Structures are given as structure tokens and as C-alpha cells.
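Here's the structure we're looking at; comments come further down.
Read-outs throughout are calculated quantities, based only on the coordinates presented, and are distinct from any laboratory measurement. Here the structure is a predicted model, which is why all the values come from computation and not from measurement.
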Amino acid sequence: SFGGYYNGAEYETLGTPVIDAIRQFRADHAFLTVGALNAEQGWMDYRVEVAQVNKTMAEQARHTTILMDSNKLDGVALVTTCPLTAADRLVTTTPPSLSLAAALTKAHVEIHLAVTIDDLSE
């Protein structure tokens, strides 16, 4: 157990003990979700505790992939987690706007489009 406190509504454990435990590990790859992504602020979230966990996980990984619904692209959330350069890849369901795509390319973030079940049925 990592300690911290468990948020049953979101199925997550958060807090300083979790961050301290994550810092004990090195990972080849971290797959993370975030609340919003935009060219100016980078990746963002709605809660400080979640942003801290995501930032620490990215710092402890050699590579980081952000998995996100396209409705979160060009969005704004309460807390900045990391700059765009902290991710290696973005996997989303539709292409980002031209300005976000340019910022991601400048930050050396690969953009990958996921195929959805709806796409397969067409």
C-alpha cells in the first residue's frame, strides 16, 4: 500500500505518501490521462493532488504518453501539471487544432489518433 487517501468516487489514491512512493520507482513508460491540454499551459488538471501525482509519474518515467478524449484538447483546467515537453506522445480520438498541433510538434510530442469502435462500424 502506498498510503495517502483513497478517493472511491474516482478509484484513486492521492497524497504526499503516494508521491513519495512513486519517487522510489523508475519506469520505462507512463500512460497518463489529464483534464485538459493547451498550447500555452501544457497539460492541466482540475485537482492539485491529481496534477502532482501525474507530474511525479512523468518525472519517474523515461517516456510519457498522454491518453485523452479530443474534447479536452485546447481546454483549460484549474492546475497546470507539466509543460507540453514533458510528454513524448499524445493519443487522442481526433486531430488537435492547428495551433495545438504546431505547439506539440515544436515540443517534440508525437500525435497518434486512436480508432474508436464507432469508426470500425462505419
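Computed as a quarter of the hull surface, the mean projected area of the alpha carbon convex hull for region 57-122 stands at 5.2 nm². If the segment from Thr116 to Ala102 were pulled out straight at 0.36 nm per residue, it would be longer than the present Cα-Cα gap by 2.6 nm.
What does the extension gain come out to for Phe25 and Asp69, with contour length at 0.36 nm per residue minus their alpha carbon separation? Net length gain for the segment: 13.0 nm.
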